[in-house]
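S.K.: Take this structure first; my questions come after.
The values are calculated or read from the model by the stated rules, or taken from the named source; none is laboratory data. Predicted model, so just to flag it, every value in this text is computed and none were measured. Using ideal geometry, Cβ is built from the backbone for each residue, glycine included, and neighbour counts are taken over all protein chains shown.
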Amino acid sequence: MSTQIQEESEEATETETETAPVERESPGDRRREAKRTASDQRVASEPVGEIEGDTFRLKVFRYDPEVEGKMEPRFDDFTVPREKGMTVLDALIYARDHYDTTLTFRHSCRQAVCGSDAFFINGRQRLGCQTQISDLDGPVRVEPLPHQDVVKDLVVDMEHFYDQMHAVEPFFQGDTPDGDLEEQRQSRENREKIKMSTRCIWCGACMSSCNIAAGDNEYLGPAAINKAYRFAMDDREEDELKEHRMKILDQEHGVWRCQTQFSCTNVCPKDIPLTEHIQELKREAVKQNLKFW
Ligand code: SF4
Ligand code: FES
């Protein structure tokens, strides 16, 4: 009797194991975990205070179409003293201030908020101010974002990126409040749903990493589609407006161009699940096109 119960219980355990939902880690989870591990290792390995005498080599892409002798793209090497907590942006600033004041790159906030210093660092799109030198293998190689026209050194032309962003009408178009200016409340659940999509800082890293965007100049691109997601999923906008938004996305160079390569999701410095958002919009587009007679 007891053997039978034991067998039944073992069977039940096996069934539970088989049917238990498989927990899937999203690329964002993996990136966050990698960041946590890197940060722990840094804290464990770095001595307190400046590391005297220790330097590293910074290789920076240079190009200036307006100056004779600098029109040929090249790499310049700079020797930079390593300091605790130094970022790639800090290193670029050091190189500009100590070696060559003509070295040109964009930056502003220095805290991953303005999105102006996205570069191709050691073969990957990253924010200069968010990338610790201690997380990179030397020499540190900094290039402008791929698939964008280079204006000078590390500065790329962002016009096309902005055009794609504006094409999806990236602004809230809810009802205009009436005379007594009543609040337009959003449910907690709806806010939670669009939370990640609101984090975009318009850095262009995702667009630069996308093979499809590189081959199709009309493709809206991951950042613009994510921006459209942010508003299309906002409950406070009218259904009619949502239909209008879906029409913009459900076109030849819209959501259907995405081939779920996850390159955008992997490089986004704000961990936005871009590929997931694009797939959700594809499902929405299908639902909207289904007609029941
Ligand atoms: S979605 Fe991410 S990678 Fe793309 S522009 Fe926004 S912040 Fe940058
Ligand atoms: S300087 Fe603003 S995001 Fe890096």
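S.K.: Could you give every pair whose Cβ atoms fall below 7 Å, whose first residue belongs to the range 103-126 and is free of Cβ contacts under 8 Å to residues at least 24 places away in the same chain, and whose second residue is of a type in the set (A, V, I, L, M, F, W, C) and away from ligand 1 (no atom under 15 Å from the Cβ), counting only separations of at least 6 or pairs across chains?
M.R.: Sorted first by the residue in the range 103-126, then by its partner, the pairs are HIS107/LEU89; ARG110/LEU89; ASN122/LEU136; ASN122/VAL140.
S.K.: Please count how many residues of the range 151-172 are surrounded by fewer than 16 Cβ atoms within 10 Å (Cβ to Cβ) and of a type in the set (S, T, N, Q).
M.R.: Looking only at that region, the number is 0.
S.K.: Something else about it: Which of the residues belonging to the range 71-111 are basic (Lys, Arg) and out of contact with any strand residue (DSSP E or B) (no Cβ under 7 Å at 6 or more places or on another chain)?
M.R.: Here is the first cut: in the range 71-111, the ones basic (Lys, Arg) are 74, 82, 84, 96, 106, 110.
Matches in the range 71-111: LYS84, ARG96, ARG110.
S.K.: Still on this structure: I need the full set of residues from the range 113-127 which are over 19 Å from TYR162 (Cα atoms) and either in a loop (DSSP other than H, G, I, E, B) or within 6 Å of ligand 2 (Cβ to nearest atom) (or both), in order please.
M.R.: Within the range 113-127, ASN122, GLY123 meet the criteria.
S.K.: Name the residues in the range 132-155 that are assigned to a loop (DSSP other than H, G, I, E, B) and more than 14 Å from ligand 1 (Cβ to nearest atom), would you?
M.R.: Within the range 132-155, the first condition is being assigned to a loop (DSSP other than H, G, I, E, B), and the residues that meet it are 136-139, 144-149, 153-154.
If the condition is that a residue be assigned to a loop (DSSP other than H, G, I, E, B) and more than 14 Å from ligand 1 (Cβ to nearest atom), then LEU136, ASP137, GLY138, PRO139, PRO144, ASP149, ASP153, LEU154 are the ones that fit.
S.K.: If a residue counts only when it is closer than 30 Å to ARG188 by Cβ, which helices (runs of 4 or more DSSP H) contained entirely in the range 205-267 have at least 1 such residues? Don't jump to the end; show me each part of the working.
M.R.: Numbers: elements: 205-209, 211-215, 222-232, 239-249, 263-267.
Output list reads 205-209, 222-232, 239-249, 263-267.
S.K.: Going through ASP100, ASP90, ASP76 one at a time, which residue ends up being surrounded by 14 or more Cβ atoms within 10 Å (Cβ to Cβ) and assigned to a strand (DSSP E or B)? Let's see the steps before the verdict.
M.R.: Details: ASP100 fails: assigned to a strand (DSSP E or B); ASP90 fails: assigned to a strand (DSSP E or B).
Testing whether each residue is surrounded by 14 or more Cβ atoms within 10 Å (Cβ to Cβ) and assigned to a strand (DSSP E or B) leaves just ASP76.
S.K.: Say whether the condition of being under 17 Å from VAL156 (Cβ atoms), modelled with pLDDT of 95 or more and of a type in the set (Phe, Trp, Tyr) is met by at least one residue in the range 77-91.
M.R.: First, pick out the residues of the range 77-91 that are under 17 Å from VAL156 (Cβ atoms): 88-89.
Checking the rest, the ones that are also modelled with pLDDT of 95 or more come to 88-89.
This time we only want the ones that are of a type in the set (Phe, Trp, Tyr), so: none.
For the range 77-91, residues under 17 Å from VAL156 (Cβ atoms), modelled with pLDDT of 95 or more and of a type in the set (Phe, Trp, Tyr): absent.
S.K.: I'm trying to understand the selection: among the residues of the range 213-227, which are more than 10 Å from ligand 1 (Cβ to nearest atom) and crowded, with 17+ Cβ neighbours inside 10 Å? Show your work before the answer.
M.R.: Filtering the range 213-227 down to residues more than 10 Å from ligand 1 (Cβ to nearest atom) leaves 213-220.
Once the filter is applied, which keeps residues that are more than 10 Å from ligand 1 (Cβ to nearest atom) and crowded, with 17+ Cβ neighbours inside 10 Å, the range 213-227 yields ALA213, TYR219, LEU220.
S.K.: Now for a separate question. Within the bounds of the range 225-236, is there any residue that is touching a strand residue (DSSP E or B) at 6+ places or on another chain (Cβ under 7 Å) and either over 22 Å from TRP256 (Cα atoms) or within 16 Å of ligand 2 (Cβ to nearest atom) (or both)? So that I can check it myself, show each step before the final result.
M.R.: Let us first name the residues in the range 225-236 that are touching a strand residue (DSSP E or B) at 6+ places or on another chain (Cβ under 7 Å), namely none.
Looking for residues that are touching a strand residue (DSSP E or B) at 6+ places or on another chain (Cβ under 7 Å) and either over 22 Å from TRP256 (Cα atoms) or within 16 Å of ligand 2 (Cβ to nearest atom) (or both), one finds none in the range 225-236, hence no.
S.K.: Return the only residue of ARG283, ARG188, ARG230, ARG199 being surrounded by fewer than 18 Cβ atoms within 10 Å (Cβ to Cβ), modelled with pLDDT of 95 or more and either within 16 Å of ligand 1 (Cβ to nearest atom) or of a type in the set (Phe, Trp, Tyr) (or both). Outline the logic, then answer.
M.R.: Details: ARG283 fails: either within 16 Å of ligand 1 (Cβ to nearest atom) or of a type in the set (Phe, Trp, Tyr) (or both); ARG188 fails: either within 16 Å of ligand 1 (Cβ to nearest atom) or of a type in the set (Phe, Trp, Tyr) (or both); ARG230 fails: surrounded by fewer than 18 Cβ atoms within 10 Å (Cβ to Cβ).
None of the others qualify; the one that does is ARG199.
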